[in-house]
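Nothing in this text is a laboratory measurement; each read-out follows from the coordinates by a stated rule. The structure displayed is predicted, hence computed values, not measured ones. Here the Cβ positions follow ideal geometry from the backbone for every residue, glycine too, while neighbour counts run over all protein chains shown.
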Amino acid sequence: MSFIVRPSVRADLPAVDALLARSYPKLLKADYPPSVLVTALPIISRARPELIGCGTYYVAEEEGQILGAGGWTRDRMRADKGHIRHVVSDDRALRRGVGRAILYLVIETARQSGVVEFVCASTRTAVPFYAAMGFEREADMDIPLGPGIHFPAVRMRRFLA
C-alpha cells in the first residue's frame with residue numbers, strides 16, 4: 001500500500017468532486033439502468049462541502065492524487081450510532097485496498113468516539129464490498145434526490161464490537 005489515508009480538508013473538495021464525477025458513472029453502470037443514472041448522477045456525483053470539512057471524512061492519497069474518499073457522521077438522535085457517508089474509490093485504483101483502508105479508519109475512529117452501530121445506504125454496486133467489511137443487508141430502499149428523482153439503494157448495518 002503506497003497511499004496514505006488522512007482527514008479531508010476543504011481544499012480537497014475539487015479533487016473529491018472530480019473523483020466522484022469520473023468514477024461513479026463507470027462503477028455504477030452495470031447495476032443501474034441509464035434512466036436512473038441520467039437523473040441521479042448529476043446529484044450524487046458532487047462532493048458535499050459539509051462532509052469534506054467535518055473531521056470524520058477521509059481521503060486516500062498517493063503522490064498528490066485522491067484515490068478514494070469516505071467517512072461517517074454521528075446520528076442526530078443517537079450518539080452511539082453512525083452513518084457511513086459518500087464512500088468512493090477511483091475506478092482506476094480498484095482492488096488496491098483503498099476503500100478497505102478508508103473504512104477501517106472510519107470504523108476505528110467511530111469506535112473510539114463511542115459509536116457501536118453503523119448504518120449505510122449502499123449503492124447496489126457496493127453491497128459486496130460492505131458485506132465483506134461485516135455489514136449485513138437489511139432492505140432495498142429508495143433515496144429521494146429531488147422532485148421525482150429517486151435512487152435505488154440498499155440499507156446495510158454493522159454492529160461494532
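When segment 1-16 is limited to residues that are in a helix (DSSP H, G or I) and among the charged types (D, E, K, R), the one that is farthest from residue 63 (Cα to Cα) turns out to be 10. Of everything listed in (1) of a type in the set (A, V, I, L, M, F, W, C); (2) closer than 24 Å to residue 3 by Cβ; (3) touching a residue at least 40 places away in the same chain (Cβ under 8 Å), the single unmet condition for residue 126 is (3).
Out of the residues in segment 37-70 that are among the aliphatic types (A, V, I, L, M) and surrounded by fewer than 16 Cβ atoms within 10 Å (Cβ to Cβ), state the one that is farthest from residue 96 (Cα to Cα).
The qualifying residue farthest from residue 96 (Cα to Cα) is 38.
For segment 17-67, a tally of residues being in contact (Cβ under 8 Å) with a residue 60 or more places away in the chain and assigned to a helix (DSSP H, G or I) returns 13. Just one residue in the set 6, 48, 10 is touching a His at 6+ places or on another chain (Cβ under 9 Å), more than 19 Å from residue 128 (Cα to Cα) and among the basic types (Lys, Arg); that residue is 48.
Search segment 78-99 for residues that are under 16 Å from residue 59 (Cα atoms) and pair each with any residue that is part of a loop (DSSP other than H, G, I, E, B) and acidic (Asp, Glu) when their beta-carbon atoms are under 8 Å apart and the residues are at least 6 apart or on different chains. Short answer, once both residue conditions are applied: 98/90.
For segment 120-148: of the residues being aliphatic (A, V, I, L, M) and part of a loop (DSSP other than H, G, I, E, B), which is surrounded by the most Cβ atoms within 10 Å (Cβ to Cβ)? The qualifying residue surrounded by the most Cβ atoms within 10 Å (Cβ to Cβ) is 126. Checked against (1) surrounded by 14 or more Cβ atoms within 10 Å (Cβ to Cβ); (2) within 14 Å of the chain's Cα centre (by Cα); (3) more than 22 Å from residue 29 (Cβ to Cβ); (4) not polar (S, T, N, Q), residue 86 passes all but a single condition, namely (3).
Considering segment 6-36, the residues that are crowded, with 16+ Cβ neighbours inside 10 Å and among the small types (Gly, Ala, Ser) include one that is nearest to residue 145 (Cα to Cα), namely 23. Is one or more of the residues making up segment 149-161 touching a residue at least 12 places away in the same chain (Cβ under 8 Å) and assigned to a loop (DSSP other than H, G, I, E, B)? Within segment 149-161, one or more residues are touching a residue at least 12 places away in the same chain (Cβ under 8 Å) and assigned to a loop (DSSP other than H, G, I, E, B).
Candidates are the residues of segment 99-119 that are part of a helix (DSSP H, G or I) and under 12 Å from the mean Cα position of the chain (by Cα); the one that is surrounded by the most Cβ atoms within 10 Å (Cβ to Cβ) is 103.
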